[in-house]
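Written out below as structure tokens is the structure these notes cover.
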Amino acid sequence: MGISPKTVVEPGMGTLEVFALDTSEQTLYRLLRDVFENYWQVIQFGPLIQGAAWEIRAANAPEKVTLYDGYITVDFGTWHFHLCIGATTGSRSHPTAPELAAHRRTARAELYRQLQTDGTPNSWGLRLYNGHDEQQLTVFLPNPFLSDELMPLPAPDWSRLALWDTLRKHYLGLDPDPRDRTGTRFVHG
């Protein structure tokens, strides 16, 4: 496919390589279902904004993942969340104004890898932003430098990049990148 990342510098995140994803409702629904139904046990997720990082780990697989009126609902039984990923019209008695629908809907979706100052990847994830460029969700992917409990590993475990490699292949058409396996340790912040 020949997709090249865009390099950006963000306050609090440092240098990122960002791979843009298709934001169609069908693609986002397939992607989020895939991630939450098949990889729930190895991800953490939530908003990551200045002053707040929600690193939620699900205790169980979702009981159901549904799509209604442009909203995906990921239901874990005792709790759930909604994300507006498609066209939303509201109800007949309470229609959603077009400008509000455009604000709510995912307008930007991306896979990203955070780079250390030497250019080696340090962290990997998926992010969604609404029509006003407000973050809806970050999915933190398994990190080869950290255990599931987020403790530093004595040596990198490159098998922990399997989900990153799978998402790159399925949603970007990209093979694994040897550069992802060049770092030596996790560097926070």
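Using the Cβ-Cβ distance between residue 185 and residue 91 with R0 set to 35 Å, the FRET efficiency from 1/(1 + (r/R0)^6) comes to roughly 0.10. Annotation for residue 75 and residue 57: the two label points, set 7 Å from Cα along the Cα-Cβ direction, are 2.6 nm apart. Divide by every residue of the chain the summed helix terms, -39500 (n - 2.57) for each DSSP H run of at least 4, and state the resulting mean residue ellipticity at 222 nm, rounded to the nearest 500 deg cm²/dmol. Rounded to the nearest 500, it is -5000 deg cm²/dmol. Magnitude of the charge dipole for the stretch 27-97, about its Cα centre and with charges confined to Cβ atoms of Lys, Arg (+1) and Asp, Glu (-1), is about 120 debye.
In this structure the amide hydrogen of residue 107, modeled in the peptide plane, comes within under 5 Å of the amide hydrogens of 129, 130, 131, none closer than 5 places in sequence on its chain. Of the peptides 93-99, 142-148, 54-60, 180-186, the ranking by mean beta-carbon count within 10 Å, highest at the top, reads 142-148, 180-186, 54-60, 93-99. Which part of the stretch 41-75 falls in the paramagnetic zone of residue 135, meaning amide N under 12 Å from the point 7 Å along Cα-to-beta-carbon? Label zone hits: 45-56. Relative to the dominant Cα principal axis of the chain, helix 162-172 is inclined by about 50°.
Calculate the length of the line joining the C-alpha centroid of the stretch 41-66 to that of the stretch 115-129, in whole Å. Taking the Cα centre of the stretch 115-129 as reference, the centre of the stretch 41-66 is 18 Å away.
Dipole orientation for the stretch 6-174: of the candidates 70, 50, 132, 70 has the Cα lying most toward the positive pole (charges on Cβ; Lys, Arg +1; Asp, Glu -1). Rounded to the nearest 20 debye, the dipole magnitude of the stretch 1-141 is 160 debye, with +1 charges on Lys and Arg beta carbons, -1 on Asp and Glu beta carbons, and the Cα centre as origin. The residue list 96, 14, 28 was ranked by how far each Cα lies along the charge dipole of the stretch 1-138 toward its positive end, using unit charges on Cβ atoms, and 96 comes out on top.
Helix 25-38 and the longest principal axis of the C-alpha atoms of the chain enclose an angle of approximately 60°.
For the stretch 6-36 versus the stretch 150-165, the inter-centroid distance based on Cα atoms is 20 Å. Highest mean packing first, where packing is the average number of other Cβ atoms within 10 Å per residue, the peptides 35-44, 119-128 line up as 119-128, 35-44.
We did not get these values from a lab; they are worked out from the coordinates using the rules stated. Keep in mind the model is a prediction, meaning the values are calculated, not measured. With ideal geometry, Cβ positions are generated from the backbone for all residues, glycine too; neighbour counts draw on all protein chains shown.
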